[in-house]
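The values are calculated or read from the model by the stated rules, or taken from the named source; none is laboratory data. Quantities reported herein were computed from a predicted structural model and do not represent experimental measurements. All Cβ positions, glycine included, derive from the backbone under ideal geometry; neighbour counts span all protein chains shown.
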Amino acid sequence: MIRSERNGPRRQRGITLVVALITVVAMSLAALAMYRSVDVATLQSGNVARLTDQANKADLCVRRAITWMTDASIDLQSGASNAARNYHGVQFAPNDMDGRYNLHNRLVSSSDNGWMGTAPDIDAGEGVRVNCVIERVCVRAEPADASHCQMAGGALGGQGKDGTKELGVGALPVFRVSTRVDSDKGVSFSQVTLGPRIN
């Protein structure tokens, strides 16, 4: 009996086609996975850049608060508030605070910052508004004392070299600056605690 050799190569051609299709599908899936990972990385870097920008904008208000606290317009020792500087001589009551963020309810819920005081918003450009409120971390509107204020300990310093008040270690209570940044990308908040500088 004579055997034909023609059947072998025909079968192999069919197998080659199947292997080629599997390879194309695998390469397509790999390309799709790579595209998605690049897309996610781009989104993440965009989010990091946005958060950094918001933090830089919030820093404008913190620096403004520090400037105000070192001039004569705010009496840091007494419990007197100063609306023109958004300064509160007494910390906000616990029932005024949003428990999720430890920020004042109206700071979280409203873009109307008038309740903080009369200090104007900072125009950070590109339609971004920044404002903050300063709280003396004391529960009573009285001269600062460890019985009702969170203190840093020490004695009040004198006049600084540049004519501003020099805040000596511990003579003053701790202060909290809460900042709200409104932009077309949303709202962000930050909070810093300030105390006397240690030289």
Quick one: in segment 36-66, of everything that is exposed (fewer than 12 other Cβ atoms within 10 Å of the Cβ) and β-branched (Val, Ile, Thr), which residue is modelled with the highest pLDDT? 52
I'd like to check something: does segment 122-142 contain any residue that is buried (at least 17 other Cβ atoms within 10 Å of the Cβ), in contact with a Lys or Arg (Cβ under 6 Å, 6 or more places away or on another chain) and modelled with pLDDT under 85? yes
Count - residues of segment 87-105 that are within 19 Å of the chain's Cα centre (by Cα) and buried (at least 16 other Cβ atoms within 10 Å of the Cβ): 3
Specify which of the listed residues (80, 33, 26, 84) is among the aliphatic types (A, V, I, L, M), surrounded by fewer than 17 Cβ atoms within 10 Å (Cβ to Cβ) and in contact with a strand residue (DSSP E or B) (Cβ under 9 Å, 6 or more places away or on another chain). 80
Tally, over segment 100-134, of residues that are among the polar types (S, T, N, Q), closer than 21 Å to residue 67 by Cβ and outside any helix (DSSP H, G or I): 2
Filter segment 87-101 for residues that are over 16 Å from residue 174 (Cα atoms) and touching a strand residue (DSSP E or B) at 6+ places or on another chain (Cβ under 8 Å); which is modelled with the lowest pLDDT? 101
